[in-house]
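Undergrad: My questions all concern the structure below.
Please treat every number below as a calculation from the coordinates, not as lab data. A quick note: this is a predicted structure, and the numbers were derived from the prediction, not measured. Glycine gets a Cβ as well: all are built from the backbone with ideal geometry, and neighbour counts include every protein chain shown.
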Amino acid sequence: MADKIATREGFGKALVEFGETNKDFVVLDADLADATKTVYFKKAFTERFFDTGIAEGNMMSVAAGLAACGKTVFASSFAMFAAGRAFEQIRNSIAYPKLNVKIAATHAGLSVGEDGATHQCLEDVGLMRTLPGMVVMTPSDAVQARWMIKAALEYQGPMYFRFARLATPVMYDDNTSFEIGKGVVLKEGTDVSIIACGLMVEKALEAAEILNQKGIYARVIDMHTIKPIDRELVLKCAKETGAIVTVEEHNIYGGLGSAVSEVVCDEYPVPVKIIGTEDKFGTSGKPAELFELYGLSAENIATKALDAIKLK
Amino acid sequence: MNTQEINKLKLVAYKIRKDIIVEVFNAASGHPGGSLSIADILSVLYFKEMNIDPKNPQNPDRDRLVLSKGHCAPALYGALAERGYFPVEDLVTLRKTDSYLEGHPDMKGIPGVDMSSGSLGQGISAANGMALAGKIDKKDYMVYTILGDGEIEEGQVWEAAMYAAHYKLDNLVAFVDVNGLQIDGPTKEVMSAEPIDKKFEAFGFNVYIIDAHDIEQISEAVQKAKNKNGKPTAIICKSTKGKGVSFMENVGSWHGKGPNKEEADAAIAELDAKIKELEEKVNG
Ligand SMILES: Cc1ncc(C[n+]2csc(CCOP(=O)(O)OP(=O)(O)O)c2C)c(N)n1
């Protein structure tokens, strides 16, 4: 628990680890290799690393061309410039032809911190989730990030990974199991389910502690795959706990909360409270302060959980 | 320009450089390298060439500046504060949660900021829009924009260049800060956009190549652009990233981090000495 490692770090190290045995994949970056951590791969496998300069649109379509010639491609930039700047290239050059491109987007969410609103991407999950066939994942720690890269190399097709800048506690040990599209139950509970992703998983666990002290038993889910969402697990939560709170470092529109609500509304309606940024842009500041400011805190999750329970 | 005038603008440039260091030190983050390289350009624009009034920052007839390489906000904020748009004392709040001085330029909340920026490649297009509005409204204001030599790798920059010439936006001046470095290394190694001057020429611009740290050359190039010959102007500025702080000069790792206390003290001591020297010259 003591170690703090950013998920982008887990991603960068994993590329090198798997690059040793898997000689087929190439890595692209757009002048942010030091920050996205593809720099480790660049140093280890210079001949398989290609910088496109500050040209994200070009990078995504180049990735498509490489994939059309049989390469597995990791294309990396900040979430803002990958999912944001190059959205339409991703849609038409990568998703539509269903090419084997893994978009590794780092510096997502408010936890980018001081760079402020222009760099805090709070829309990428929504953007990527609406693309047919796109797998969308966000790890809650660096260990999970590594599993995701391993899984990505075994999976054919477009994927979007959302990694964070901020160093956060390691939660998993190396031999826990991992499967694309299968959420992880971190804590059992009967009164309410807190379904979180990314850095919010840690907050969800803290919220469950707060609720525990009030005699309320919250189930906590790490929903690392947002698409395809773990339908079975969401319905199980709806049926067994009767109320759900979702938490994400993303706009309340279009992200994890939407994905969970779609399943619940479709098959087993129960109250769902969605916690995220409430249709606002970010701002400069320290990540911890921003989490408080935007309601991404354990206290707020606990409050919303109580609200959800009241609606049962 | 006489020596006195030049020294006055040099002095402002060094004050802006000191502001930059104060800002990024207090923020413990931000972009000193590319900020230091444009201090002289901003001094000439805000203290000589631009038709502006800090007391009336929204005047529709004013000249405008779009910092296309928005990460160099510390330089812009320094210039705006020195010019009186907001208190110099506020600069220490850069990038803090309760401050209006956002990490990247925010036109909603910061007096004097004409356009929000920070995502590279977009500012020059916004500057085109402002220049076009000037044409539509038959106003004779100028629009200035500052781009990085890494930034011009974005395809949008060239869409914008094509556009500016096509619509004869001779009220547009694009500075390209050619400091030779971007994040992943020297621009020549990461993704060369050379020859930059020939490219802008081919796109239909007046092109001037100048030393980014020579006050007179900057001013002369702007004067020529103001003659408005039916073409937009590109001023290719050969610069030193980190200019004025010797240990930051031409060192890539100073692109995007704040100095620690020791480093900040050393930088400020160096800049203070320069400021003192220039003040003595200016005040005789
Ligand atoms: C669209 C976009 N992609 C990536 C970035 C991240 N980024 C910020 S500064 C920078 C390098 C800029 O290099 P250059 O234009 O040469 O600026 P300078 O060296 O003058 O600071 C990059 C890649 C960004 N801000 N916007």
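Undergrad: Please average, across the residues of A:276-285, the number of beta carbons from any other chain that are within 10 Å of each residue's own beta carbon, and give a whole number.
TA: 4
Undergrad: Separate question: Going out from 0 in 10 Å bins, what whole percent of all Cα-Cα distances in chain B drops into each bin?
TA: That works out to 7, 31, 38, 20, 3, 0, in percent per bin.
Undergrad: Partner chain Cβ atoms within 10 Å, averaged over the residues of A:55-61 - can you pull that number for me?
TA: 3
Undergrad: Let me ask another. Which angle between 0 and 90 degrees, to the nearest 10, do you get for helix A:7-21 versus the longest principal axis of chain A when only C-alpha atoms count?
TA: Once rounded, one gets 50 degrees.
Undergrad: Suppose we look only past 28 Å in the calculated P(r) of chain A. What percent of the Cα-Cα pairs does that tail hold? Working shown, then result.
TA: Working: 16666 of 48516 pairs.
Across chain A, Cα pairs with separations above 28 Å total 34 percent.
Undergrad: Which value, in debye to the nearest 20, describes the size of the charge dipole of region B:243-283 about its Cα centre when Lys and Arg Cβ atoms bear +1, Asp and Glu Cβ atoms bear -1, and nothing else is charged?
TA: Approximately 160 debye in magnitude.
Undergrad: In straight Cα distance, which lysines are under 19 Å from residue A:214, not counting same-chain residues fewer than 8 positions off?
TA: Partners found: A:187, A:203, A:304, A:310, A:312.
Undergrad: Using per-residue counts of other Cβ atoms within 10 Å, averaged over each peptide, order B:72-78, A:151-157 from highest down.
TA: B:72-78, A:151-157
Undergrad: To continue, here is another question. For region B:1-49, with the dipole built from +1 on Lys and Arg beta-carbon atoms and -1 on Asp and Glu ones, taken about the Cα centre, which of B:28, B:42, B:2 lies farthest toward the positive end?
TA: Farthest along the dipole direction, towards plus: B:2.
Undergrad: Under a plain spin-label model, where a point goes 7 Å from the Cα along Cα-to-Cβ, how far apart in nm are residue B:98 and residue A:5?
TA: 3.8 nm
Undergrad: Under the rule of -39500 (n - 2.57) per DSSP H run of 4 or more residues, summed and divided by the residues of chain B, what mean residue ellipticity at 222 nm is obtained, to the nearest 500 deg cm²/dmol?
TA: Counting only the DSSP helices, I get -13000 deg cm²/dmol.
Undergrad: Follow-up question, since we're still on this one. Determine the relative contact order of region A:1-155: mean sequence separation of Cα pairs under 8 Å and six or more apart, normalised by residue count, in whole percent.
TA: Working: 250 pairs, mean separation 41.0, N = 155.
Value for region A:1-155: 26 percent.
Undergrad: Short version: what are the Cα gyration tensor semi-axes of region B:13-82, square root of 5 times each eigenvalue, largest first, in whole Å? Don't skip to the answer; put the middle values down first.
TA: Details: eigenvalues 97, 27, 24 Å².
The three semi-axes for region B:13-82 are 22, 12, 11 Å.
Undergrad: Now, a different point. For a quick size check, give me the Cα extents of region B:101-194 along its three principal axes, largest first, whole Å.
TA: Its Cα atoms span 44, 35, 17 Å along the three principal axes.
Undergrad: Which FRET efficiency value, to the nearest 0.05, do you get for residue A:240 and residue A:71 by plugging their Cβ-Cβ distance into 1/(1 + (r/R0)^6) with R0 = 35 Å?
TA: The value I calculate is 0.20.
Undergrad: Then there's this: On a 20 Å Cα-Cα criterion, which of the cross-link pairs B:8/B:274; B:18/B:274; B:135/B:238; B:10/B:276; B:10/B:274 come out too long?
TA: On the way: B:8/B:274 12 Å; B:18/B:274 10 Å; B:135/B:238 31 Å; B:10/B:276 12 Å; B:10/B:274 10 Å.
Violating the 20 Å limit, Cα to Cα: B:135/B:238.
Undergrad: For region A:4-169, just list the percent of Cα-Cα distances falling in each 5 Å bin from zero outward, please.
TA: Per 5 Å bin, starting at 0, the Cα pair percentages come out as 2, 10, 21, 25, 24, 14, 5, 1, 0.
Undergrad: Please compute the length gained on full extension between residue B:260 and residue B:281, using 0.36 nm multiplied by the number of residues separating them and subtracting their Cα-Cα distance.
TA: That pair, residue B:260 and residue B:281, stretches by 4.4 nm at full extension.
Undergrad: Further, regarding this structure: Any idea what the relative contact order of chain A is, in percent, if you count C-alpha pairs under 8 Å spaced at least 6 apart?
TA: Worked out over chain A, it gives 18 percent.
Undergrad: Testing the spin-label approximation: label points 7 Å from Cα along Cα→Cβ at residue B:166 and residue B:194. State their distance in nm.
TA: 3.0 nm
Undergrad: Between helix A:256-267 and chain A, what is the angle of the helix's C-alpha long axis to the longest principal axis, kept within 0 to 90° and rounded to the nearest 10?
TA: Orientation of helix A:256-267: about 60 degrees from the principal axis.
Undergrad: Quantify how strongly other chains surround peptide B:144-155 by giving the mean number of their Cβ atoms within 10 Å of each of its Cβ atoms. Show your work: numbers first, answer last.
TA: On the way: counts 0, 0, 0, 0, 1, 0, 3, 3, 3, 8, 9, 5.
That average works out to 3.
Undergrad: While we're looking at this one, here's another question. For each pair in A:43/B:241; A:150/B:257; A:37/B:241; A:37/B:188, compute the distance between the two Cα atoms and list the pairs where it is over 29 Å.
TA: As for pairs spanning more than 29 Å Cα to Cα, those are A:150/B:257.
Undergrad: If you don't mind, another one. Taking the 0 to 90 degree range and rounding to the nearest ten, how far is the long axis of helix B:261-283 tilted relative to the main principal axis of chain B, both from C-alpha atoms?
TA: On a 0 to 90 degree scale, this one is about 70.
Undergrad: Shifting gears a bit: Just the Kirkwood number for the protein assembly as shown, please: inverse of mean 1/r across all distinct Cα pairs, in Å, one decimal.
TA: This gives a value of 25.2 Å.
Undergrad: Then there is this: Assign unit charges at the C-beta atoms only (+1 for Lys and Arg, -1 for Asp and Glu), then state the dipole size of the protein assembly as shown relative to its Cα centre in Debye, rounded to the nearest 20.
TA: Details: 66 positive and 83 negative charges, 184 e Å.
Value, rounded to 20: 880 debye.
Undergrad: Of the beta bridges DSSP finds with both residues in the protein assembly as shown, what % are antiparallel, to the nearest 5?
TA: Working: 8 of 66 bridges.
The answer is about 10 percent antiparallel.
Undergrad: Here is a follow-up. Per residue of region A:146-155, in order, report the coupling 6.51 cos²θ - 1.76 cosθ + 1.60 (Karplus, θ = phi - 60°) as ³J(HN,Hα) in whole Hz, putting x for Gly and Pro.
TA: Per-residue couplings from phi come out as 5, 4, 5, 5, 4, 4, 4, 6, 9, 10 Hz.
Undergrad: Enumerate the aspartates and glutamates that residue A:239 could reach by cross-link, defined here as Cα to Cα under 12 Å, with residues fewer than 8 away along the same chain left out.
TA: Answer for residue A:239, where 12 Å is the Cα cut-off: A:191, A:267, listed by chain and number.
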